[in-house]
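Asker: Sharing a structure below in structure tokens format, with a few things to ask.
None of the figures in this text is laboratory data; all of them are computed from the coordinates on show. Because the structure is predicted, anything quoted here is derived from the model rather than measured. Every residue, glycine among them, receives a Cβ derived from its backbone with ideal geometry; neighbour counts consider all protein chains shown.
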Amino acid sequence: MNPEELHQLAEQHAHARTQIPHRIRVCAGSSCMGLHSDQLVNAIQRELKQQGLEKTCPVSGVGCMGLCSAGPLVAIDPDGILYQHVSEADVSAIVASVGNEPLEQLRCPTDIPFFTRQKRVVLEHCGQIDPERIEDALAVGGYTALLTALTEMTPAEVITHVMRSGLRGRGGAGYPTGLKWTTVAKARNPRKFVVCNGDEGDPGAFMDRGVMEGDPHRVIEAMAIAGYAVGASEGYFFVRGEYTTSVKRLRKAIMQAERNGLLGANIFGTPFSFTLEVRLGAGAFVSGEETALIASIEGRRGTPTPRPPYPAEQGLWGCPTLINNVATLASIPPIINHGSEWYASMGTANSKGTHVFALTGKVVNTGLIEVPLGTTLREVIFEIGGGIPNGHSFKAVQMGGPSGGCIPAEHLDTPLGYEALQRIGAMMGSGGILVLDDTSSMVEVARFFMEFCMTESCGKCVPCRVGTVQMHHLLTRISTGTATAHDLALLESLCDLVQHTSLCGLGRSAPNPVLSTLRYFRNEYEASLTSTPSNELIPLTARPPAPPTQGPNGKGA
Amino acid sequence: MKAARIAPPSEDKRWRVIDATMRRHGYHAHALIETLHATQESFGFLDEDALRYIAATLGVALSHVYGVATFYRRFTLKPRGARHTCVVCTGTACHLKGAPALLEALQQRIDHDPTNPPVSILAARCLASCGLAPAVVFDGKVVGNLTPDLALERIEKWLHHES
């Protein structure tokens, strides 16, 4: 494909979209799919056919629209009508209402803060386009950033652009993306690789999944731009094996891009060539760690190796390798299209741009959101999230999953940013925001994450392999009320030991949930201590009594 | 040096899928995980014959193949006995919204049933369907916003169909 053809195709498809009077979009994100939105698409299709409307009002399944708690969601374009909790019984009424009076009883207001307070950059087209059609992606400007980069910029200029934008790694560590790109670009090796890390393993995180399922072409385009910038012509997409929909859509998107000459040899008639392959993770959380990820792609056990050498110097098969997270890469095309100043104008001094978060837990609106960094947690939870349901009160928010920490009410006005969160003992992590209400036990939260780290430890280094088991044991004792003050002291010293002596990030950050809950909720630990030491051994599989059960949470609340 | 190509362990047509996977990757050792994925998908588990065949064809040590197959949670060396599976998500959001009680109720019903009902109760790490918390996958189908009663109801339906 040459540049003119891309513009032509884009215009043609954009024009085709305006020719159709109405369109129905059905959310086919993972959450709505769980509520059978795929069957909904078929039902609407059947109904449209029956009423002879399939030409004037096509229906398509799209990526996550964000408000998972109101799913399944159905949107009518261009009227901007959104329906919530749609079931198959509503289909005929919805189809009949197209172009007429909307169905008020099903409507989901779109002027609520959940929608108006967001700034969608990464998720710009997520939920708007059919992720399985490259035509849709082209119509909204897909691959124009790649075209600009290849035809109007040198690799060094692309990197300068990324550097100036202030973009930092969205996978958790927050390393400046431009610096990483520079290191790989500088490495002198004829063979280099670009790897997209889509092995999203944090429990409670689904940002990458949302992007891969909702707008796969965006990430593919970004990988090609990254390849051009650092001098790599081969790329790997490493995706969590459980994400079957992501894998399916990515494979399809790669095939479509190849067929249109947007991947492969001499893209846009330039000397730049880039090929892309998908590799499946096989269910190991530690594989998300850079060096373990490389081992996984090479077909080995996914255990980390000491750094340096960093993958940027010696990665896949010993070649310099750029590894970026899905959301990081998905931020690149807008930076090229709208300029680095535009991107850097959002956010705080050290944390620029927008960030995608998965908002879950005890909050009214759960789902996928994107806000400029610098937004406060209070705004996210009480405005966008709509507050705490069922008359309960806010207790804390957990960020960063098993490597992160808890933030209590007194720090709710902290602006979201890498350093700001670190100062209060939490971390941005990959972007899971878990809201806890007054019914949640903080010891239990810490124990939950420790159990996760314990089972996910790869077993290569002793501090992590043995330490997490011991810490979990102590936390179980505390939450079952059989621990003494001595046990608590032992737990604290173990935290320190594991944090400072483990090989990789998994072990080094495993004590974080304990340390942060101890910092803010020490009273909860101390309240469950006993003065009589028990010699009774607790089996490792012991669980504290299950918390009281709840009804189906807040449907429509 | 690549080992000479050897014949698949049996006449089963499914081996063609595995062969095709290895061929696509040029019989390189790094195709191991992709090949195991293909085998697991075709046969449902990885038996010793499969491991030996893959090791010989890709020219890697059997110990290495075994090491990889047992490292990753997605691979299993034993056939799945039960006809139905019920996977409870134990991710953070589900945990907070009652997954432990769900798991306990289901285990109480199935694992402690002396008649050994044909259902496996399993726990999974986050399904990334947190909007549906607490969620359970019944035979590959995600169902959300569950209570122990609703989950048990589904299981009972299976059991009644069986008898």
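Asker: Percent antiparallel among DSSP beta bridges with both residues in the protein assembly as shown, to the nearest 5?
Answerer: Antiparallel: roughly 50 percent of the beta bridges in the protein assembly as shown.
Asker: Next question. Excluding same-chain residues fewer than 8 positions from A:Lys362, which aspartates and glutamates have a Cα within less than 15 Å of its Cα?
Answerer: Correct list for A:Lys362: A:Glu383, A:Asp437, A:Asp438.
Asker: Would you pull out the residues with amide H under 5 Å of A:Gly347's amide H, same chain only if 5 or more places away, H placed 1.01 Å from N?
Answerer: Correct list: A:Gly353, A:Leu373.
Asker: Another one. So what's the angle, to the nearest 10 degrees on a 0 to 90 scale, between helix A:442-456 and the longest Cα principal axis of chain A?
Answerer: Once rounded, the angle reads 70 degrees.
Asker: For the pair B:His28 and A:Glu88, how long in nm is the line joining their label points, each one 7 Å along Cα→Cβ?
Answerer: For the pair B:His28/A:Glu88, the computed spacing is 4.6 nm.
Asker: In addition: Pull up the cross-link candidates among the aspartates and glutamates for A:Lys119, meaning alpha carbon to alpha carbon under 12 Å and not fewer than 8 places away within one chain.
Answerer: Partners found: A:Glu370.
Asker: Under the definition of Cα pairs under 8 Å and six or more residues apart, what whole-number percent is the relative contact order of region A:442-527?
Answerer: Taking the mean separation of contacting Cα pairs over the length of region A:442-527, I get 37 percent.
Asker: Now, a different point. Rounding to the nearest 20 debye, state how big the charge dipole of region A:40-170 is about its Cα centre with +1 on each Lys and Arg Cβ and -1 on each Asp and Glu Cβ.
Answerer: 540 debye
Asker: So, one more: Residue by residue through region A:423-428, what is 3J(HN,Hα) from phi via Karplus (6.51 cos²θ - 1.76 cosθ + 1.60, θ = phi - 60°)? Round to whole Hz and write x for glycine and proline.
Answerer: Taking θ as phi minus 60°, the curve returns 4, 9, x, 10, 8, 5 Hz for region A:423-428.
Asker: Please give the helix A:177-186 orientation as an angle from the longest Cα principal axis of chain A, in degrees from 0 to 90, rounded to the nearest 10.
Answerer: The angle comes out near 80 degrees.
Asker: Taking the Cα atoms only, what angle lies between the long axis of helix A:216-230 and the longest principal axis of chain A, rounded to 10 degrees?
Answerer: For helix A:216-230, the angle is close to 80 degrees.
Asker: Using amide H atoms built in the peptide plane, which far-off residues or other-chain residues are under 5 Å from A:Lys119 H to H?
Answerer: Placed amide hydrogens put A:Glu370, A:Val371 under 5 Å from A:Lys119.
Asker: List the aspartates and glutamates whose Cα sits under 14 Å from the Cα of B:Lys78, skipping any in the same chain fewer than 8 residues away.
Answerer: The reachable aspartates and glutamates, counting only those whose Cα sits under 14 Å from B:Lys78, are B:Glu41, B:Asp47, B:Glu48, B:Asp49.
Asker: Output the relative contact order of region A:108-181, whole-number percent, from Cα pairs under 8 angstrom with separation of 6+ residues.
Answerer: On the way: 33 pairs, mean separation 10.8, N = 74.
Worked out over region A:108-181, it gives 15 percent.
Asker: Set the bar at 29 Å for Cα to Cα. Now go through A:Lys55/A:Lys252; A:Lys49/A:Lys248; A:Lys395/B:Lys157; A:Lys352/B:Lys97 and name every pair that lies beyond it.
Answerer: A:Lys395/B:Lys157; A:Lys352/B:Lys97
Asker: Sticking with this structure for a sec: If we count GluC sites (Glu not before Pro) as exposed when they sit in a DSSP loop and have at most 15 other beta carbons within 10 Å, what is the longest stretch of chain A that avoids them all?
Answerer: Formally, the longest exposed-site-free interval is A:55-535.
Asker: In region A:144-252, which trypsin sites (Lys or Arg not before Pro) fall in coil by DSSP and have 16 or fewer other Cβ atoms within 10 Å?
Answerer: A:Arg188, A:Arg191
Asker: Rounded if a/c is under 1.5, else prolate if a/b is larger than b/c, else oblate: which is region A:16-110, with a ≥ b ≥ c the root eigenvalues of its Cα gyration tensor?
Answerer: Values: a/c = 1.43, a/b = 1.35, b/c = 1.05.
The shape class here is rounded.
Asker: Set the Förster radius R0 to 45 Å, insert the Cβ-Cβ distance between A:Thr110 and B:Thr76 as r into 1/(1 + (r/R0)^6), and round the FRET efficiency to 0.05. Walk me through the numbers on the way to the answer.
Answerer: Values: r = 46 Å, r/R0 = 1.01.
For A:Thr110 and B:Thr76, the calculated efficiency is 0.50.
Asker: State, to one decimal in nm, how far the label point of A:Asp496 lies from the label point of A:Gln39, with both points 7 Å from Cα in the Cβ direction.
Answerer: Label-label distance for A:Asp496 and A:Gln39, simple model: 5.8 nm.
Asker: What residues have an amide H closer than 5 Å to that of A:Gly405, excluding those fewer than 5 places away on the same chain, when H is modeled at 1.01 Å from N in the peptide plane?
Answerer: The list, which skips near neighbours in sequence, is A:Met399, A:Met427.
Asker: So what is the relative contact order of region A:92-244, in percent, for Cα pairs below 8 Å that sit 6 or more residues apart?
Answerer: On the way: 145 pairs, mean separation 42.3, N = 153.
Dividing the mean separation by the residue count of region A:92-244 yields 28 percent.
Asker: In region B:5-76, what trypsin sites (Lys or Arg not before Pro) fall in a loop by DSSP, with at most 12 other Cβ atoms inside 10 Å?
Answerer: B:Arg5, B:Lys13
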